[in-house]
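Visitor: Mind looking over this structure? Questions follow.
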Amino acid sequence: MRIYIAVAMVVAIVSCAGCAEKQETNPEAEKAAVEAAGTWLELLDSGKYSESWEEAAQYVKALANKDNWQKTFQGVRQPLGKMVSRELKSTRYTTSAPGAPDGQYVIIQYKTSFENKKSAIETVTPMLDKDGKWKVSGYYIK
């Protein structure tokens, strides 16, 4: 499925999060991206996977069709059960990501607990989309 391309992109972004020579910062971007990620995660937490695709970045929507997206997230999220708690762990602003177009990204990590997985790290990567809004371009659970 094409959704795995987006997930692989996130894994590459996360694995390279500390490899930039110059640490970039953009507190305004980080704040806006965290807000966008929170709204998007609420859709996942409510099982609204189709709606989460609608709210994803155009870059991701071009890689993954809505039906495959929904099936993938049902397979990934439903077995975890309801979200119990989520705590912001870190944010990192960057303008380049391996395997992705240059742009503005914020890599956000949350320490999350689900009914059936007590300790997880969720990585959500919003990007500044062409419409000027922050939208999720990747999601990964470890």
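Visitor: Give the residue that is farthest from Asn26 (Cα to Cα), with candidates limited to residues of region 78-92 that are of a type in the set (Lys, Arg) and surrounded by fewer than 19 Cβ atoms within 10 Å (Cβ to Cβ).
Guide: Lys82
Visitor: On to the next question. If you go through region 90-119, how many residues are part of a strand (DSSP E or B) and either of a type in the set (D, E, K, R) or free of Cβ contacts under 8 Å to residues at least 12 places away in the same chain (or both)?
Guide: If we filter region 90-119 for residues that are part of a strand (DSSP E or B), which is where we start, we get 90-94, 105-114, 117-119.
Going one step further and asking which of them are either of a type in the set (D, E, K, R) or free of Cβ contacts under 8 Å to residues at least 12 places away in the same chain (or both), we end up with 92, 111, 117-119.
Final tally of qualifying residues: 5.
Visitor: Can you tell me how many residues within region 91-130 are closer than 14 Å to Val60 by Cβ and not basic (Lys, Arg)?
Guide: Result for region 91-130: 12.
Visitor: Can you pull out the residues in region 34-57 that are in contact with a strand residue (DSSP E or B) (Cβ under 8 Å, 6 or more places away or on another chain), assigned to a helix (DSSP H, G or I) and charged (D, E, K, R)?
Guide: The answer is Glu35, Asp45.
Visitor: Sticking with this one: For region 93-128, give me each residue that is of a type in the set (D, E, K, R) and crowded, with 20+ Cβ neighbours inside 10 Å. Walk me through how you get there before you give the answer.
Guide: Filtering region 93-128 down to residues of a type in the set (D, E, K, R) leaves 102, 111, 115, 117-118, 122.
Listed by number, the list holds a single entry, Glu122.
Visitor: May I ask you to verify whether Lys22 is assigned to a loop (DSSP other than H, G, I, E, B), among the basic types (Lys, Arg) and either more than 30 Å from Lys118 (Cβ to Cβ) or modelled with pLDDT under 95 (or both)?
Guide: yes
Visitor: From the list Ala32, Ala62, Ala56, pick out the single residue that is within 16 Å of Pro126 (Cα to Cα) and crowded, with 19+ Cβ neighbours inside 10 Å. Walk me through it before giving the result.
Guide: On the way: Ala32 fails: crowded, with 19+ Cβ neighbours inside 10 Å; Ala62 fails: crowded, with 19+ Cβ neighbours inside 10 Å.
Going through Ala32, Ala62, Ala56 in turn, just one is within 16 Å of Pro126 (Cα to Cα) and crowded, with 19+ Cβ neighbours inside 10 Å: Ala56.
The values are calculated or read from the model by the stated rules, or taken from the named source; none is laboratory data. All values reported here derive from a predicted model rather than from experimental measurement. All Cβ positions, even for glycine, are placed from backbone atoms using ideal geometry, and neighbour counts span all protein chains on display.
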